[in-house]
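The values are calculated or read from the model by the stated rules, or taken from the named source; none is laboratory data. Keep in mind it's a predicted model, so treat the numbers as computed, not measured. Every residue, glycine among them, receives a Cβ derived from its backbone with ideal geometry; neighbour counts consider all protein chains shown.
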Amino acid sequence: MPVHNSEIATMFDHVADLLDIQQANPFRIRAYRNAAATIRDQGRNIADMLEEGEDLSELPGIGVDLAGKISEIVKTGHLGLLDEIAKDIPDTLVEITAIPGIGPKRARALHEALDIGSLDDLEAAAEAGKIAGISGFGPKTQQKIRDELKKGDLAEHRVRLAMAEDFAIPLLAYIKDTPGVQTAEIAGSYRRRKETVGDLDILAAAQDGKGVIDRFVVYDEVETIVSQGETRSTVKLRSGLQVDLRVVPKVSFGAALHYFTGSKAHNIACRRRAQDRGLKLNEYGVFDGKTRICGATEQEVYDAIGLPPIPPVLRENRGEIEAAEKGALPELITLADIRGDLHCHTTASDGRNSIREMAEAAIARGYEYLAISDHSKSQTQAGGLDEAALAKHLDEIDRVRDDLGGIHILKASEVDILKDGSLDYDDDVLDKLDLVIAAVHANFDLDEDKQTERIIRAMDNRHVNIIAHPTGRLIGERRPYALNMKRLMKAAADRGCFLEINAEPLRLDLNDINCRMAKDAGVMVSIGTDAHSTGGLDHMRFGLDQARRGWLGPDNVVNTRNWSALSKLLRR
DNA sequence: GCCGTTTTCGGCCCGACTGTTTTCAGTCG
């Protein structure tokens, strides 16, 4: 039974939560959280690394002790430390800290005063009116607990970036439109272009914070006001999305933007750098003693701590500070680098627009080329084409090509990789195509070895240029299938095969970590929208976000090449 | 519990808002 990185990370986070309630050494607690983050950031399976004899204590934030605990988890599936802690406090006590306003200290107080050990215990105590009597608690807190329990909605739900935009853009316009607001930005993981965001963090520059906050909390979509002060406020929108607004004076805007953009780990590293220089960094600026030396722009903040500006997409404390220090930050790809889209569908299978409409839409976006890649015959529910239908379809592409100048239309197909790794069309059919995208659309539950070998076998076919959405995950809906990514990447590099970043907001597959692995493994990436309509071509920018978060530059991406370079690359 | 171009010991980021207090602890980001 292989242990996933996410399981180890979850156990470490759980240990941290429990130690927090025990009021253990806060730095020890942080060590567990940092280690959990490091483990999540590994593209490779930790269990595999261990098996291959790698020294895990060389990973950042993991020392001899935690390396030993990882090994224990991988070998036994258990962590003895958790049993130790359970003697003191119940495992399920952590649940109650999901209630806003209940943190580790109050959880402990509730446990000690009323022997509360779970959400159910808490609910019973709250309904019986026993909470308000505990020191540090009062009637308001008791009522809040009852309200939150009644609502039930305690699980953190992150929304996909594309959906967050739908709420963020009009809200930002509203804030910018508020009298007295000089400038405003959306910060947080939204600005870092993370694939999902937990809440929206908005920053505004204004002299009068209160006026801005007062108008913020009456925004049309606000359902509840969680907190409301002079310079900051938190609300919940009807959609359930939480929004934090912070207002600072203009001279502090850069420092506040830096602080509010995060990530937390990046901020901590920056603040530590400031400390090393005898300075203090907070959201109001960079300070020498009590004197504010700068902070109007992010550039000034980075200058003060001796670094070139670091793009928000890289601010995850995944080596960007060290790279910046050495002047080795990557040149990141931008939309302007993209010369074409190598994955889209038409009415021939499950798309909504014709070949001509898709091509015209690509021309309108300034592209040199577009690959028309409808589904193969096994995808019956998606209108996949059998050989005869494909032949007619290719003829139709020829007609549009003759008719429509100004763009190279590639005859392509998104061909199913069957369970045994063979392809859905025979080689003589594949021969007629300019580009073959191979994709897994069924049999997701093979074990890691079988799934990996299946895809590598598909890549053994010299017709295959691109593996589409390599992990198969759907954000928030379907986990990636089991795959040895390191083996897959090596195989792709050896065969001159490309891996896709599928730019569809639900997929974004490869993810940022895998993109970075691809770069390190020397695998080129193709960013394709998988558009099923002309509008879907605009999802390219979400794929670019993921690529940028994965440190990719124009050189790492196939579809930054001009037509002649691309055509050479497609010949394996 | 981790970490080191000052260090193998002694450090480890910083501030706003709320509710319960009667000056502040706890929570959150």
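Annotations
- Among the conditions (1) of a type outside the set (D, E, K, R); (2) under 30 Å from the mean Cα position of the chain (by Cα); (3) within 13 Å of DNA strand B (Cβ to nearest atom), A:ILE169 misses just one, which is (3).
One line per residue, one yes/no per condition, for (1) within 17 Å of A:TYR190 (Cβ to Cβ); (2) among the β-branched types (Val, Ile, Thr); (3) in contact (Cβ under 8 Å) with a residue 12 or more places away in the chain:
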| position | (1), (2), (3) |
| --- | --- |
| A:LEU257 | yes, no, yes |
| A:LYS264 | yes, no, no |
| A:LEU281 | no, no, yes |
| A:PHE287 | no, no, no |
| A:THR297 | no, yes, yes |
| A:GLU300 | no, no, yes |
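- Within segment A:256-297, the set of residues being of a type in the set (A, V, I, L, M), outside any loop (DSSP other than H, G, I, E, B) and more than 9 Å from DNA strand B (Cβ to nearest atom) comprises A:ALA256, A:LEU257, A:ALA265, A:VAL286, A:ILE293.
- Scanning segment A:218-250 for residues that are more than 10 Å from DNA strand B (Cβ to nearest atom) and buried (at least 16 other Cβ atoms within 10 Å of the Cβ) yields A:TYR219, A:VAL222, A:VAL235, A:LYS236, A:LEU237, A:LEU241, A:VAL243, A:PRO249.
- All positions within segment A:66-108 that are assigned to a loop (DSSP other than H, G, I, E, B), near DNA strand B (Cβ under 9 Å from one of its atoms) and surrounded by 14 or more Cβ atoms within 10 Å (Cβ to Cβ): A:ILE99, A:PRO100, A:ILE102
- Selection within segment A:109-120 - under 18 Å from A:ALA16 (Cα atoms) and either among the hydroxyl-bearing types (Ser, Thr, Tyr) or away from DNA strand B (no atom under 12 Å from the Cβ) (or both): A:GLY117, A:SER118
Results for (1) at positive phi; (2) under 25 Å from the mean Cα position of the chain (by Cα), shown as yes or no for each residue.
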{"site": "A:THR297", "(1), (2)": "no, no"}
{"site": "A:TYR302", "(1), (2)": "no, yes"}
{"site": "A:PRO309", "(1), (2)": "no, yes"}
{"site": "A:VAL313", "(1), (2)": "no, yes"}
{"site": "A:ILE321", "(1), (2)": "no, yes"}
{"site": "A:GLY327", "(1), (2)": "yes, no"}
{"site": "A:PRO330", "(1), (2)": "no, yes"}
{"site": "A:ILE333", "(1), (2)": "no, yes"}
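- Of the residues A:SER135, A:SER118, the single one that is polar (S, T, N, Q) and at pLDDT below 90 is A:SER135.
- Hits in segment A:362-389 (condition: closer than 14 Å to A:THR347 by Cβ and assigned to a helix (DSSP H, G or I)): A:ALA382, A:ALA389
- In segment A:329-377, the qualifying residues are those that are of a type in the set (Lys, Arg) and over 13 Å from A:GLU396 (Cβ atoms), and the one that is surrounded by the most Cβ atoms within 10 Å (Cβ to Cβ) is A:ARG339.
- Test: residue in segment A:169-192 that is closer than 18 Å to A:VAL226 by Cβ, among the basic types (Lys, Arg) and surrounded by 16 or more Cβ atoms within 10 Å (Cβ to Cβ): no
- Among (1) surrounded by 15 or more Cβ atoms within 10 Å (Cβ to Cβ); (2) out of contact with any strand residue (DSSP E or B) (no Cβ under 6 Å at 6 or more places or on another chain); (3) not in a loop (DSSP other than H, G, I, E, B) - the single one A:ALA164 does not satisfy: (2)
- Qualifying residue in segment A:44-65 (condition: touching a residue at least 12 places away in the same chain (Cβ under 8 Å), more than 27 Å from the chain's Cα centre (by Cα), part of a helix (DSSP H, G or I) and within 14 Å of DNA strand B (Cβ to nearest atom)): no
- The set of residues in segment A:68-101 being over 30 Å from A:THR234 (Cα atoms) and of a type in the set (D, E, K, R) consists of A:LYS69, A:GLU72, A:LYS75, A:ASP83, A:GLU84, A:LYS87, A:ASP88, A:ASP91.
- Identity of the residue in segment A:17-30, buried (at least 16 other Cβ atoms within 10 Å of the Cβ) and either within 23 Å of the chain's Cα centre (by Cα) or among the acidic types (Asp, Glu) (or both), that ends up farthest from DNA strand B (Cβ to nearest atom): A:ASP17
- Cβ pairs under 9 Å, 6+ apart, first in segment A:220-244 and free of Cβ contacts under 8 Å to residues at least 40 places away in the same chain and more than 16 Å from A:ILE99 (Cα to Cα), second of a type in the set (Asp, Glu) and near DNA strand B (Cβ under 7 Å from one of its atoms): A:ARG232/A:ASP244; A:SER233/A:ASP244
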